[in-house]
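See below for the structure under consideration.
The values are calculated or read from the model by the stated rules, or taken from the named source; none is laboratory data. As the structure is a computational prediction, the values presented were derived from the model and not from experiment. So basically every Cβ, Gly included, is an ideal-geometry build from the backbone, and we count neighbours across all protein chains shown.
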Amino acid sequence: MAKKNEQPIILLVDDEPNILLALEFLLQREGYRVEKAFNGIEAVEKAVALKPDIIVLDVMMPGMDGYEAAKKIRQSPALENTCIVFLTAKGTGDDKRRGYNTGGEYYLVKPFDNDSFVHTIREILEFGR
């Protein structure tokens, strides 16, 4: 997670601008540095460049879905300490298994509770995954 005295970096990935704005507001209010990507391809590029502490990743996106993006992110040794949190409307058991199998540590389903979301992020940053 973030080094002592450094602001944690959270990369938000979703193709819905309104979701990104809402998540950005919640996390910036907590003092976290927030970066955004709008699809899986951009997520992989930004993850490699930024080495975020957490990636909050949607599944259903154009070009490259979240599962494929997670697989590619997990292939980078530089990102082995980055926690992947899926945040998606795809909530079946099979969807969740696929998320965990592609490298996600957490799987949250939309619609989500704002307080629970922020609490999950805070716990990851404070205690690790």
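One line per residue, one yes/no per condition, for (1) within 20 Å of P8 (Cα to Cα); (2) basic (K, R); (3) modelled with pLDDT under 95:
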site: A69; (1), (2), (3): no, no, no
site: Q75; (1), (2), (3): no, no, no
site: E80; (1), (2), (3): yes, no, yes
site: I84; (1), (2), (3): yes, no, no
site: L87; (1), (2), (3): yes, no, no
site: E105; (1), (2), (3): yes, no, no
site: I121; (1), (2), (3): yes, no, no
site: I124; (1), (2), (3): yes, no, no
site: G128; (1), (2), (3): yes, no, yes
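Which one is nearest to F25 (Cα to Cα), of the residues in the range 105-119 that are in contact with a Leu (Cβ under 7 Å, 6 or more places away or on another chain) and of a type outside the set (A, V, I, L, M, F, W, C)?
N114
Whether any residue in the range 94-103 is among the polar types (S, T, N, Q), surrounded by 16 or more Cβ atoms within 10 Å (Cβ to Cβ) and over 22 Å from Q7 (Cα atoms) is what I want to check.
yes
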